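Here's the structure we're looking at; comments come further down.
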Amino acid sequence: MGLNLDDKKAVVAEVSAEIACAQSIVVAEYRGLEVVGLTVLRANARKSGVYLRVLKNTLVRRAVAGTPFEGLSSKLVGPLIYGISKDPVAAAKLLNDFAKGNDKLVIKAGAMPNYVMDVAGVKALATMPSREELLSKLLGTMQAPITQFVRTLNEVPTKFVRGLAAVRDAKEAA
């Protein structure tokens, strides 16, 4: 059963709102994917913060018109599932990881603002660390010199105390 005009407008508005704050869109063909697999994929998408939805291609073309993702319109052919995320890596990582374990899901294309990616580009994006991982690595790098400095400062009194303990033990033994 098709959507009436008001429902279509609502879907376009919802997708446009998601695209307005998105950093990446990944498109995959889900032909032959069972309901159980799609349910697992949707649950993983919710955990990752990825907006995942099966949509009519014509509605998505309307939603991306006039946005930095407009170049993706030429790739929208066939039954597609759309992964839209605020984190540039999250949607690519989610769909790529799921496609590794399920051959029915085939990644078709992806887009970042003003840049359309092919399958190899999406897979390369999926291998990149997420924003949280990069921030934690940066924090660890920034803390390393401070931590080493504190260890160095702590080593002087520790050696002094060990030396006194060794002298005390030598006097007690004598």
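The values are calculated or read from the model by the stated rules, or taken from the named source; none is laboratory data. What you see is a predicted model; the values in this text were computed from it and never measured. Here the Cβ positions follow ideal geometry from the backbone for every residue, glycine too, while neighbour counts run over all protein chains shown.
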Quiz item: If we scan the range 96-106, do we find a residue that is assigned by TED's automatic domain parsing to the domain that holds residue 31, touching an Asp or Glu at 6+ places or on another chain (Cβ under 7 Å) and not in a helix (DSSP H, G or I)?
Solution: yes
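Residue by residue, here is whether (1) closer than 24 Å to residue 134 by Cα; (2) touching a residue at least 24 places away in the same chain (Cβ under 8 Å); (3) surrounded by 16 or more Cβ atoms within 10 Å (Cβ to Cβ) holds:
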residue: 14; (1), (2), (3): no, no, no
residue: 33; (1), (2), (3): no, yes, yes
residue: 49; (1), (2), (3): yes, yes, no
residue: 55; (1), (2), (3): no, yes, yes
residue: 58; (1), (2), (3): no, no, no
residue: 65; (1), (2), (3): no, no, no
residue: 101; (1), (2), (3): no, no, no
Practice problem: Output the number of the condition that residue 77 fails; it satisfies all remaining conditions of (1) surrounded by fewer than 16 Cβ atoms within 10 Å (Cβ to Cβ); (2) assigned to a helix (DSSP H, G or I). | Solution: (2)
Quiz item: Is it true that some residue in the range 132-139 is surrounded by 10 or more Cβ atoms within 10 Å (Cβ to Cβ), more than 18 Å from the chain's Cα centre (by Cα), part of a helix (DSSP H, G or I) and not assigned by TED's automatic domain parsing to the domain that holds residue 73?
Solution: yes
Quiz item: Among (1) of a type outside the set (Phe, Trp, Tyr); (2) outside any loop (DSSP other than H, G, I, E, B); (3) in contact with a strand residue (DSSP E or B) (Cβ under 7 Å, 6 or more places away or on another chain), which single condition is residue 88 missing?
Solution: (2)
